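One structure below.
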């Protein structure tokens, strides 16, 4: 498989704080990746650079051979942690916003996903629970016909029932010509989604391994493997 995203010696500082410290990795088409690490390990910074929201950094990032910017925005769908829809909107307004803003937005797909997520188009966003807002954001992002999906803590703060709904939708709608990167520290939530994992610690990739290889070679789940690696990483 060819790589959709390649990263070489990526470095990013915020003043004296080094968020990314020489990241080297690649992401192939047709796979779901877990970008796994504790809080402040650099996951959000990495995704924002790939989404062309952070433009000043050192090193090289290429999406289909092109540096993140205006030329790649049509290929990349980014899910941020923060809520970004104004409270005056209804769900239908959010659909219209995405439809107007993104040329690759698939409205029929969005309406099907929203139905699966049990979201009514007439609902006011201000009245949605945190979990329902998470469903809405993810539904709209997944309804783009993007090549690369960057999902930052997509399961943060959602209840177990919502989590399973989201996972089922992701599995049912995944286009195997695209790539999903899930940045999270909730490993057990995403275990059954993952093809490969990249463990990020203190701004560096410290492990890259297929999820199935973890299970077969260690007899551990991805979550157990993660805990073992980071327990040892903390001790060094």
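No value in this document is a laboratory result; all are computed from the given coordinates. What you see is a predicted model; the values in this text were computed from it and never measured. Heads up, the Cβs are rebuilt from the backbone with ideal geometry, glycines too, and the neighbour counts pull from every protein chain shown.
Neighbour counts of other C-beta atoms within 10 Å: give me 167, 113 arranged from fewest to most.
Ordered from fewest to most neighbouring Cβ atoms within 10 Å, 167, 113 come out as 167, 113.
Can you sort 50, 25 from fewest to most other Cβ atoms within 10 Å of each residue's own Cβ?
25, 50
Hey, what angle do you get for helix 222-235 against the long axis of the chain, alpha-carbon based, 0 to 90 degrees rounded to 10?
So the helix axis and the longest Cα principal axis differ by about 50 degrees.
Using Cβ counts within 10 Å as a stand-in for footprinting exposure, how do 225, 78 rank, fewest first?
Exposure proxy ranking, most exposed first: 78, 225.
Percent antiparallel among DSSP beta bridges with both residues in segment 3-235, to the nearest 5? Don't skip to the end; give the middle numbers.
Numbers: 23 of 41 bridges.
Taking every DSSP beta bridge within segment 3-235, about 55 percent pair in antiparallel fashion.
Helix 91-101 versus the longest principal axis of the chain: what is the Cα-based angle in degrees, 0 to 90, to the nearest 10?
Helix 91-101 and the main axis of the chain meet at about 70 degrees.
For segment 209-231 and segment 38-54, what is the separation of their Cα centres, given in Å?
If we compute the Cα centre of each part, the gap is 24 Å.
In percent, what relative contact order does the chain have, based on Cα pairs under 8 Å that are 6 or more apart in sequence? Walk me through the numbers before you get to the answer.
Working: 435 pairs, mean separation 63.0, N = 236.
So the answer I get is 27 percent.
Helix-only mean residue ellipticity at 222 nm, the chain, DSSP H runs n ≥ 4 weighted -39,500 (n - 2.57), per residue, nearest 500. What is it?
-10500 deg cm²/dmol
Going from the alpha-carbon gyration tensor of the chain, what semi-axes, largest first and in whole Å, does one get by taking the root of 5 times each eigenvalue?
Largest first, the chain gives 29, 21, 17 Å.
Between helix 130-142 and the chain, what is the angle of the helix's C-alpha long axis to the longest principal axis, kept within 0 to 90° and rounded to the nearest 10?
80 degrees
What's the extension gain from residue 232 to residue 70 if we count 0.36 nm per residue and subtract their Cα-Cα distance?
54.2 nm
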